[in-house]
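Below you'll find the structure, written out as structure tokens, and then a few comments.
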Amino acid sequence: MAWDVSVWQSEIEVLRPVATGSDVQSPLKRATRALAYCLGGTQLEQYSMAHRAFLFFWVLLLVLISGAARGSAQNLDLGVLEDVPGAYAGQPNQHSVRVLFQKNGSDWEAFPNNCPDQGCLKTISSKYPREVTWTIVLDGRDLGQVTGRTPKEFEFYSHVGLQEVVSTGAIPTVGKRSAVYGGFTDVSVFRPLVAVSRPYFNDPESWKPSNLSADMIRLLRQEFRKRFPTVSNCTSPADAAENPWLYNDENIRILKQYSSNRQWSVVQVRLGEYRCNGPPDDPFLDYWFALSPANDITLLGNGMWLVDAGDYDNDGKSELVFAIDRYNQGGYELFYADFKKHATFEFGYH
């Protein structure tokens with residue numbers, strides 16, 4: 001039989017749903033199904049094997065294109081559901097999902113962030129996923145789903161990464177609004193909640209508030225002294241002169257402690273009190289340390305608080321998400337791989 005182009009096109013249209021149908025998720029399964037159709041289907045019995053082979057390879061191309069499109073839509077992204085204050089007086093808060101990190105191989109990578117100018121705000125949104133349906137999680141629990149859509153451009157520096165919630169269902173919230181969660185703005189907002197683009201919400205390491213032993217606290221204070229061996233302070237805010245201050249161990253205060261079932265801990269430490277007028281010097285900031293089961297201590301950073309812990313990539317280990325709360329700076333820090341790796345998403349307010 002002659003190979004008529006119109007016949008090929010007709011048969012290709014028959015095969016298109018076989019190759020790209022959503023009822024078969026695996027590209028390999030779609031290719032196998034198409035191969036069986038091409039080589040054994042009754043509709044093609046009148047064609048030569050060469051004709052069938054041509055159709056199969058055309059279908060295989062459709063499979064690869066379809067698989068690539070589906071794969072790009074199934075990236076593993078991590079974000080945070082935020083209660084965003086109104087930008088102008090009288091404007092109400094609005095729930096948004098801030099897109100933060102994407103899993104690339106074994107690493108988490110931050111989406112482009114911390115725009116330096118207005119031109120960046122107008123173009124950077126093209127680097128973000130257009131629309132994502134998120135699973136909202138807290139403390140190893142699934143709180144619900146929301147769908148977020150990225151705008152054509154971000155209006156403010158502090159809005160980089162924010163998606164508008166376009167789903168119509170209830171938006172998960174926990175507790176009451178509080179200025180504790182407002183960061184640099186000091187505005188009362190709901191607690192931020194981690195958002196995952198796949199339903200991964202378990203916390204296999206079971207991170208919980210804890211009380212460290214006296215020996216562990218002693219090790220932490222020793223580590224703090226190594227980093228800040230000399231400190232200056234004032235006698236009162238009215239005293240403009242700073243003098244060397246020989247602080248005691250009791251001045252190194254343990255603010256918060258969390259531990260996992262793998263005997264890891266994270267601890268917030270602050271030296272107090274700062275008695276000078278103005279912003280505190282570096283030794284008086286709050287610092288977070290990670291303590292390993294072998295008593296190794298790693299400095300994680302300062303000016304942040306723990307949002308949540310969970311296995312957001314389903315690899316059997318928990319990641320920790322911290323919110324950044326510093327002067328004119330917000331964002332999030334993600335720690336993983338036993339605190340050997342981390343990713344940072346930052347933004348400014350003005």
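The values are calculated or read from the model by the stated rules, or taken from the named source; none is laboratory data. Bear in mind the structure is a predicted one, so any value in this text is a computation, not a measurement. Note that each Cβ is placed from the backbone with ideal geometry, even for glycine, and that neighbours are counted across all protein chains shown.
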Is it the case that some residue within the range 90-97 is in contact with a strand residue (DSSP E or B) (Cβ under 7 Å, 6 or more places away or on another chain) and closer than 15 Å to Phe347 by Cα?
-> yes
Does any residue of the range 124-144 turn out to be of a type in the set (S, T, N, Q) and modelled with pLDDT under 95?
-> no
From the list Gly183, Gly161, pick out the single residue that is surrounded by 18 or more Cβ atoms within 10 Å (Cβ to Cβ) and at pLDDT below 95.
-> Gly183
Report yes if Val269 is in contact with a strand residue (DSSP E or B) (Cβ under 9 Å, 6 or more places away or on another chain), under 22 Å from Val137 (Cα atoms) and in a strand (DSSP E or B), otherwise no.
-> no
For Ala241, are the conditions met, namely being over 30 Å from Asp296 (Cα atoms), exposed (fewer than 11 other Cβ atoms within 10 Å of the Cβ) and not polar (S, T, N, Q)?
-> yes
Of all residues in the range 253-311, count the ones that are of a type in the set (Lys, Arg) and closer than 22 Å to Gly330 by Cα.
-> 2
First in the range 285-298 and in the same structural domain as Arg275 (by TED's automatic domain parsing) and assigned to a loop (DSSP other than H, G, I, E, B), second anywhere and among the polar types (S, T, N, Q) and modelled with pLDDT of 95 or more, Cβ under 7 Å, 6 or more apart = Leu285/Asn302; Pro293/Gln263
With respect to Val174, is the statement that it is among the β-branched types (Val, Ile, Thr) and surrounded by 15 or more Cβ atoms within 10 Å (Cβ to Cβ) true?
-> no
Scanning for something closer than 25 Å to Tyr327 by Cα and in a loop (DSSP other than H, G, I, E, B), does the range 247-263 turn up at least one residue?
-> no
